[in-house]
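Note sheet for the following structure.
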Amino acid sequence: MTLPDLECTGLTKRFGTATAVDAVSFDVPPGSFFSILGPSGCGKTTIMRVIAGFLDPDAGDILIRGRSILNTPPNKRPVNMVFQHLALFPMMTIAENIGYGLRRQGMAKAEIARKVDAALDRIGLPGIGARKIDELSGGQKQRVAIARCMVLEPDVLLLDEPLGALDLKLRERMKVELKEMQAAFDTTFVYITHDQSEALVMSDRIAVMNQGRFEQMGTGRELYYRPETAFVAGFVGDTNRWHGRIERVEGDALQLVTDSGLTLRGARHGRALSPGGRAEIFVRPEAIRLTRSAGELAHFDNRMSGRVTALLFNGAASRVLVQAGREEIEVNLPQSGEFADLARGAEVHIGWAGDQGNCFAGTP
Amino acid sequence: MIPTIPQPRLLTAAYTAYVVTFFVFLALPLVVVAVFAFNDSQFPSLPWEGFTWGWFFGEERPVIGVFHERPILRAIGTSAFVAVCVSILSVGVGLSNAFLFNRYRFPGQGILYVFMLLPLVIPGIVLGISILVFSSRIANGAWDIAEWDIEALRPGLTLVILGQFSFIATISTLVIAARLQKFDRSLEEAALNLGASRLTAVRTVTLPYLAPAMIGAFVVAFLMSFENFNTTLMLVGSDAPLTIAMFDRLKEGSTPLLNAVSLLLMLGSSLLALVMIAFQRRG
Amino acid sequence: MKAEARIGLILLLTPLLLWLSLLIVIPHIDMFLVSLRERVGVGEYRISPANYLTFLTEPLYLRTFARTAIMAMLATLITLLIAFPVSYYIAKMARGRTRSALFLLCLVPFWVSELVRTFGWMILLRETGLISTLLQWAGLADQPVEMLYNDAAIMVGLVYTSMLFMVVPLVTTLESLPDEVIEAGYDLGGTNVSVMREIVIPHATPGIVSGCIVVFMLSLGNYLTPTMLGGKDSLWFTELIYSQFIVRFNWELGAAFGFLLLLLSSLIVWGMLRLTGHTLERTMG
């Protein structure tokens, strides 16, 4: 078995009494794209800064290709970082920026020039080395910042939400571009973000982080379809969410009454839930079928009718809000034309399979 | 080096020690001046002859305190008068300049802006003599032609005020312009949209926004005028502002009376500066 | 332009033009004209470069001029060297409240008159002063030491007096350098020295330039510090100007001296701006 490029064991970092990173362990196999996804303040930036060497961990170890780097100062670590605001040096040209790390290694000038040109070719910006940083567009800056690290051939490249400052369109394009660059350089990327779509689109594996701990680690598909905690279920992807009390449990299936009085069937997917306990149930909008007649829903074990309170048109991701009892339920609106004339106030029927209702133990 | 980059302990310690030394260097002369204001001796120097309030409140020779020393009190009054005049003039002109450079585009604006900055790079003493030469020549001319004696153009408080104003106006312009630059024009447009006239919009929206900067500029102008020496030295007449009066005394030899005046100056200007900071915070 | 706007422009332009023309431009032109006059009789003058020739032929004047220029440059350099680490500490090492407190502490001495500051140094440095007494007490000197009235004392006074004008622009520019950029420098393999040389100092150049310009100008035009702290041999050029005007009543020569001082300071300021490719507007405004 090959050694992982990056391995963290029991990593802990406290600030005063607050624990920013709480005994986090993970490893990243060579050449893979690993993301840490979490809301702001969850401790993901702290992990990144600990790995880069800008913070000392209180406990735990960091291994790069099997060797601990804890006692290596940041300027000697075989990891490089793409900063949130990129941190390109405004006082230097693009070529000087990319060549900066090579100059630090004492490389010969001609060699540096050659490598810088090669890097510029690779990121699709040949011949712009003499220009100033502020002449670049947002996406180009991004690429230069990555090239600046990649010429040093680091074992691991850390990326700290580098797409955060870009506008939406560009961000979409850069997601694809980043993934392609990672494949081209064949380097291990560790990427942190609070944007689930960035993590889902680019990563081989994702760790969802909350309050200093990893909630779940897995592929995007696993996180989306088989969340292991209520936090992951709520954080990754859009979802309907209700609190309630469990009435019955039959094998993996269960029945629950929400606080607003809606009776729903769900699944516990092996989690320990027993009748009488509080629970949370998550149902994705796309798991819910929308029809005009109740008959089509006969095979679903959750069926109800309601009134459309709002149409949220958003192309393929269009939704409707359906008022059923005292609950408002978000339901995907199929763009097949069948519902083209759907209007506010219309009576509709909705239904979904019981195993689409992911249940977790809830707080009382 | 920044705190997040680990450094050898010795280096960090040496650096901290350097910074501490610097602040000692900064504080030393002022502390010394303050302490010797309380020395019960004719000289502001060692040996320490015991603590006294005499240099503040003493009424009889040889120890006459600040509060009974007429010439010094008069000089403080003169300085305050000059400083208030300079501040009012500077803030007024500064406000006008700030609006001019911020709101209008006209030919020659760039050149005019450079000219506006020039007083900052002209040595104060040169400013003083140029104004002295010019005003005296006009005064002489007026006398030769019409036997008209223009007292204001002879060395005296008017010239001192004009001389100080000539460069302090640049500073107040910069202070006010910096804040006006940050002003969101759409606030004014909103006022116009809600029915205000252009002048009313400026008066009710823009000026209140600028108030902290105007107060700041006023205090800075006041302090700069109060402590100005070079320009004042060349233009002063018979009424000497405080710095000149103290300078004349210092040349003759110093007594702790000067320390006492200095301590009061320090307290006064610190107080003013704190007031200004409090206003900046609120704005 | 609408009529209303035109009136506004004229109203705002008037004070600016009055100020600049009556107090700055015309007086300086006038001073230059006076410096070109030579007195040939009572109340009779003619245009001649005589005053400038006097300056060039009198060794004392030339020497004082050169000495003042060199010492002002030296004072600027020393101020920069002392202020830079302190400014860096305030801007990049200190955090939050400490930073504001330190910055405020830097400003405090400059809220009081230069006269008070100079007076403080006199009390410290003179023969009967604090440092001399301390040295004797410590056994490092067996008799009072006079540290006043020499060039070193002037230098101390000038550096002290100018410190603020170096610290403020340096702190301002250094603060605008994001920590991230410095971290990137280290992350890519930089050392303290290389990060300082390639990233921090280039970034701080505008602050260095504006600080140096102001400090140089203030040192060059200083009258108080050299007069009070300097000795008989350490004459400052401003003292020559003062004595021509106030003591000797030779305004023509005094005006020439004033013009030369102005010329020197303008040349050096211009040179510094040229050297670093900055403009006065960006550096001062």
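How many percent of the accessible area of the protein assembly as shown is carbon or sulfur, using a 1.4 Å probe?
The nonpolar share, carbon plus sulfur, comes to 60 percent.
Just report the Cα centroid separation between the stretch C:185-251 and the stretch A:180-196, whole Å.
51 Å
What is the ratio of the Cα radius of gyration of chain B to 2.2 N^0.38 Å, where N is its residue count, to two decimals?
Normalised by 2.2 N^0.38 Å, the Cα Rg of chain B equals 1.28.
Might you work out the accessible area of residue A:328 for me, using a 1.4 Å probe with all protein chains in place, and round it to the nearest 10 Å²?
Roll a 1.4 Å probe over it and residue A:328 shows about 90 Å².
Two decimals, Cα atoms only, Kirkwood Rh: what is Rg/Rh over the stretch A:6-232?
Using only Cα positions, Rg/Rh for the stretch A:6-232 is 0.97.
Quick one: buried accessible area between B and C, total over both chains, 1.4 angstrom probe, nearest 100 Å²?
In total, this chain pair buries about 7900 Å².
Taking one equal scatterer on every alpha-carbon of the stretch A:238-278, how large is log10 of I(q)/I(0) by Debye at q = 0.20, 0.28, 0.30 1/Å?
Each listed q maps to, in turn, -0.55, -0.99, -1.09.
Computed FRET efficiency, Cβ-Cβ of residue B:27 and residue A:14, R0 41 Å: what is it to the nearest 0.05?
Efficiency for this residue pair is about 0.65.
Taking the solvent-accessible surface of protein heavy atoms with a 1.4 Å probe, what is the per residue accessible area of the protein assembly as shown in Å²?
I get 44 Å² per residue for the protein assembly as shown.
Going highest first, how would you order B:108-114, B:34-40, A:41-47 by mean Cβ packing within 10 Å?
So the order, starting with the most tightly packed, is A:41-47, B:34-40, B:108-114.
In chain C, which longest range has no GluC sites (Glu not before Pro) that are both DSSP loop (not H, G, I, E or B) and surrounded by at most 15 other Cβ atoms within 10 Å?
Result, exposed sites excluded: C:147-285.
On a C-alpha basis, how far is the centre of the stretch B:1-64 from the centre of the stretch B:132-161 in Å? Whole number, if you could?
With the stretch B:1-64 and the stretch B:132-161 each reduced to a Cα centre, they are spaced 45 Å.
State the volume of the convex hull built on the alpha-carbon positions of the stretch C:80-121, expressed per residue in Å³ and rounded to an integer.
74 Å³
Take peptide A:81-94, look around each residue's Cβ out to 10 angstrom, count Cβ atoms belonging to other protein chains, and average those counts.
So the per-residue partner count for this stretch is 5.
Rounded to the nearest 0.05, what FRET efficiency do residue A:257 and residue A:201 give with R0 = 41 Å and r taken as the Cβ-Cβ distance? Could you check?
0.60
Once amide H atoms are placed 1.01 Å from N in the peptide plane, what residues at a sequence separation of 5 or more from residue C:45, or on another chain, have their amide H within under 5 Å of its amide H?
When sequence neighbours closer than 5 places are left aside, the close amide H contacts are C:40.
Read phi for every residue in the stretch A:222-228 and hand back ³J(HN,Hα) as whole Hz from Karplus 6.51 cos²θ - 1.76 cosθ + 1.60, θ = phi - 60°, with x for Gly and Pro.
Result, ordered by residue: 4, 5, 6, 8, 10, x, 9 Hz.
As a test question: what accessible area, to the nearest 10 Å², does residue B:148 have when a 1.4 Å probe is rolled over all protein chains in place?
Counting only protein heavy atoms, the figure is 150 Å².
GluC sites (Glu not before Pro) within the stretch A:157-219: which are DSSP loop residues with at most 11 other Cβ atoms inside 10 Å?
On the way: sites: A:172, A:177, A:180, A:198, A:215; in loops: none.
Answer by residue number: there is no such site.
Restrict the search to the stretch A:255-364; then list the chymotrypsin sites (Phe, Trp or Tyr not before Pro) that DSSP places in a loop and that have at most 16 other Cβ atoms within 10 Å of their Cβ.
Values: sites: A:282, A:300, A:313, A:339, A:352, A:360; in loops: A:300, A:313, A:339.
The qualifying sites are A:313.
Work out from phi, with θ = phi - 60° and the Karplus expression 6.51 cos²θ - 1.76 cosθ + 1.60, the ³J(HN,Hα) of each residue of the stretch C:82-92, listed in order in whole Hz, and give x for Gly and Pro.
With the stated coefficients, the stretch C:82-92 comes to 6, 6, 4, x, 5, 4, 4, 4, 5, 7, 10 Hz.
Under a point-charge model restricted to the Cβ atoms of Lys and Arg (+1) and Asp and Glu (-1), what is the dipole moment magnitude of the stretch A:6-232 relative to its Cα centre, in debye to the nearest 20? Each step should come with its number before you reach the end.
Values: 28 positive and 27 negative charges, 108 e Å.
Using only the charged Cβ atoms, the result is roughly 520 debye.
Separation of the stretch C:57-89 and the stretch B:181-245 by C-alpha centroid, Å?
34 Å
Once both axes come from the Cα atoms, what is the angle between helix A:109-122 and the longest principal axis of chain A, in degrees from 0 to 90, rounded to 10?
20 degrees
Greater than 24 Å separation of Cα atoms is the criterion. Which listed pairs, A:13/A:179; A:76/A:179; A:76/A:175; A:141/A:169, meet it?
Numbers: A:13/A:179 30 Å; A:76/A:179 27 Å; A:76/A:175 29 Å; A:141/A:169 16 Å.
As for pairs spanning more than 24 Å Cα to Cα, those are A:13/A:179; A:76/A:179; A:76/A:175.
Let me check something: with ligands and nucleic acids excluded, how do B:186, C:219 order by accessible area (1.4 Å probe), largest to smallest?
Largest accessible area first, the list is B:186, C:219.
In the stretch A:303-344, which trypsin sites (Lys or Arg not before Pro) fall in coil by DSSP and have 11 or fewer other Cβ atoms within 10 Å? Before the final figure, lay out each step's value.
On the way: sites: A:303, A:307, A:319, A:326, A:344; in loops: A:326, A:344.
Qualifying residues, ordered by number: A:326, A:344.
Please give the per residue volume of the convex hull enclosing the alpha carbon atoms of the stretch C:35-109, rounded to a whole number of Å³.
160 Å³
Checking a compactness column here: for the protein assembly as shown, what do you get for Rg(Cα) / (2.2 N^0.38 Å), N being the number of residues?
Here the answer is 1.25, to two decimals.
As a test of the definition: which semi-axes, in Å, follow for the stretch C:59-284 when you take the square root of five times each eigenvalue of its alpha carbon gyration tensor? Largest first, please.
So the equivalent ellipsoid measures 35, 26, 15 Å along its semi-axes.
Short version: ³J(HN,Hα) in whole Hz for each residue of the stretch C:20-35, in order, from phi by Karplus 6.51 cos²θ - 1.76 cosθ + 1.60 (θ = phi - 60°), x for Gly and Pro, what are they?
5, 6, 6, 9, 10, 5, 4, x, 6, 4, 4, 4, 5, 4, 4, 5
If one takes the longest principal axis of the Cα atoms in chain A, at what angle in degrees, from 0 to 90 and to the nearest 10, does the Cα axis of helix A:94-104 lie?
With rounding to tens, the tilt is 70 degrees.
Would you mind giving the mean number of other chain beta-carbons within 10 Å of the Cβ of each residue in C:172-185, as a whole number? Don't skip to the end; give the middle numbers.
Details: counts 0, 0, 0, 0, 0, 3, 5, 7, 9, 8, 6, 12, 16, 8.
Neighbouring Cβ atoms belonging to other protein chains average 5 per residue here.
Suppose R0 equals 56 Å. What FRET efficiency, 1/(1 + (r/R0)^6) with r the Cβ-Cβ distance, do residue C:274 and residue A:211 give to the nearest 0.05?
Working: r = 57 Å, r/R0 = 1.02.
After rounding, the FRET efficiency stands at 0.45.
Need one value for C:221-233: mean number of C-beta atoms belonging to other chains within 10 Å of its residues' C-beta atoms.
For peptide C:221-233, the averaged partner shielding equals 3.
The values are calculated or read from the model by the stated rules, or taken from the named source; none is laboratory data. From a predicted model like this one, the values you see are computed outputs, not experimental measurements. As a convention, Cβ positions derive from the backbone with ideal geometry for all residues, glycine included, and neighbour counts pool all protein chains shown. In case anyone asks, the SASA skips ligands and DNA or RNA and just uses the protein heavy atoms, side chains included. Shrake-Rupley method; radii C 1.70, N 1.55, O 1.52, S 1.80 Å.
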